[in-house]
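Nothing in this text is a laboratory measurement; each read-out follows from the coordinates by a stated rule. This one's a predicted model, so the numbers in the text were calculated from it and none came from an experiment.
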């Protein structure tokens, strides 16, 4: 009987520890996971987003993990211009370019409650290039960006 109670206590404590971890938050600092083909994320509330031919905008009310927001299959090596504007309310967020050889380039990273905007020239090697939105700590933010090539992807919530 004592053995059964100890086993039961062990299983309950293991379950509590395993359920309290958030594996999506660990993605933020893991380049190999970010470079992978798939997306892994937790959205804690609905996402308001708008995509048209010229830009991508979204209001995210809690996110951990990564989600693809843009893709471009380059026939030759080329460049693209990106402009962005982000307002971070909580958490951490970065926008990352992934080249066909899985090389990562951080377009921007924001870790404090602030607004940033900017522009950058992206070098796009021949092949499939993509951009992922990566966040942790239940990030809440408003984002908009515009790229002169490629296709925007909806956040998958």
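Observations on the model:
- On the principal axes of its alpha-carbon atoms, region 13-136 has extents of 55, 30, 24 Å, going from largest to smallest.
- A helix-only calculation puts the chain at -5000 deg cm²/dmol for mean residue ellipticity at 222 nm, using -39500 (n - 2.57) for each DSSP H run of at least four residues, averaged over all residues.
- Computed extension gain for residue 106 through residue 39, at 0.36 nm per residue and net of the alpha carbon distance, reaches 22.4 nm.
- The chain: angle of helix 2-20 to the longest principal axis, Cα-based, in degrees nearest 10: 20 degrees
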